[in-house]
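I have placed the structure first, in the form of structure tokens, so that the comments after it can refer back to it.
The values are calculated or read from the model by the stated rules, or taken from the named source; none is laboratory data. Values in this document were obtained by computation on a predicted structure and should not be read as measured data. Counting neighbours? That spans all protein chains shown, and the Cβs are built from the backbone with ideal geometry, glycine included.
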């Protein structure tokens, strides 16, 4: 299930002009010169998606009770969403998945691990800010130390030194912060290129964009190239999820929708969601 949940966010590519990202990704992989020993296998690095630490009883007490809204499908735009889902799926099959397979084939595991570590490190500023906004000050301090250690000793995040110093990775974003503050998720939405979302997480994406260091790279070629490599690297790690999704159900749309909502719920409550509230 975790592989499917991760797959839900693999296609959105971090905001504007995702199609250009896909096309740039082809150029990135075409320039590679190394060959992976294990062709077609998904990356085994798990640092980029490390689970959040279990919250304390005090932390859970601060979180809002899950609203009854989450018991409902809450998908009033289903016809539109299904059309966008098919569009995204077509682009993934036609462009992104083949590029990811090529990247996985030609890139040695240790290089893929280093690239994933760098992108994990670039996500840390967003995590640190949202730690603080959610009142997780101890976690924010730990993640700040993690960012400093990996950016220096770890050579800009190429090596995840911090994980050996009792500073595990966490996953926090502005969509989660809004959820912690009690903002309801709103209707389910499938965004072109971005994939599964909802009103709350869509607003959160705007804030995430502005805390992403890649956004502030001045050179356009370097910025788009970095985004392209990030998308391809993420998709390459999730190649195994595609076959699981295809075999899991006759209606992948419904499966993805419910998996996405379950994933976001678990993230908001740090893996320990309370009992649902029925009205």
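Any residue at all in region 223-246 that is within 15 Å of the chain's Cα centre (by Cα), at pLDDT 90 or above and more than 24 Å from residue 95 (Cα to Cα)? Checked against the condition, which is being within 15 Å of the chain's Cα centre (by Cα), at pLDDT 90 or above and more than 24 Å from residue 95 (Cα to Cα), region 223-246 yields no hits at all.
Out of the residues in region 257-275 that are part of a loop (DSSP other than H, G, I, E, B) and crowded, with 16+ Cβ neighbours inside 10 Å, state the one that is modelled with the lowest pLDDT. Even if it seems obvious, please write down each step before you answer.
Residues of region 257-275 that are part of a loop (DSSP other than H, G, I, E, B), as a first pass: 269-275.
The next check asks that each one be crowded, with 16+ Cβ neighbours inside 10 Å; those that pass are 269-270, 273.
Working: 269: 93, 270: 90, 273: 85.
Among those residues, the one meeting the criterion is 273.
Can you name the residue in region 184-205 that is assigned to a helix (DSSP H, G or I) and under 13 Å from residue 265 (Cβ atoms) and, of all such residues, is farthest from the chain's Cα centre (by Cα)? Across region 184-205, the extreme among qualifying residues is 200. When each of 131, 208, 160 is tested for being farther than 30 Å from residue 91 by Cα and in a helix (DSSP H, G or I), the lone residue that passes is 131. The number of residues in region 125-158 being over 19 Å from residue 236 (Cα atoms), within 21 Å of the chain's Cα centre (by Cα) and touching a residue at least 40 places away in the same chain (Cβ under 8 Å) comes to 11.
If we keep just the residues of region 240-256 that are out of contact with any helix residue (DSSP H, G or I) (no Cβ under 6 Å at 6 or more places or on another chain) and surrounded by 16 or more Cβ atoms within 10 Å (Cβ to Cβ), which is farthest from residue 96 (Cα to Cα)? Ranking the candidates gives 256 first. Selection over region 159-173 of residues that are more than 16 Å from residue 263 (Cβ to Cβ) and in contact (Cβ under 8 Å) with a residue 12 or more places away in the chain gives a count of 9.
Each residue in region 192-230 was checked for being under 26 Å from residue 104 (Cβ atoms) and either touching a strand residue (DSSP E or B) at 6+ places or on another chain (Cβ under 9 Å) or without any contact (Cβ under 8 Å) to a residue 12 or more places away in the chain (or both), and 5 of them qualify.
Do we have residue 86 as in a helix (DSSP H, G or I), touching a residue at least 24 places away in the same chain (Cβ under 8 Å) and more than 16 Å from the chain's Cα centre (by Cα) here? For residue 86, the condition - in a helix (DSSP H, G or I), touching a residue at least 24 places away in the same chain (Cβ under 8 Å) and more than 16 Å from the chain's Cα centre (by Cα) - is not met. Within region 148-166, being crowded, with 21+ Cβ neighbours inside 10 Å and either in contact with a strand residue (DSSP E or B) (Cβ under 6 Å, 6 or more places away or on another chain) or under 25 Å from residue 269 (Cα atoms) (or both) holds for one residue alone: 162. Residue 121 - would you say it is under 16 Å from the mean Cα position of the chain (by Cα) and either assigned to a helix (DSSP H, G or I) or under 27 Å from residue 257 (Cβ atoms) (or both)? Criteria met by residue 121.
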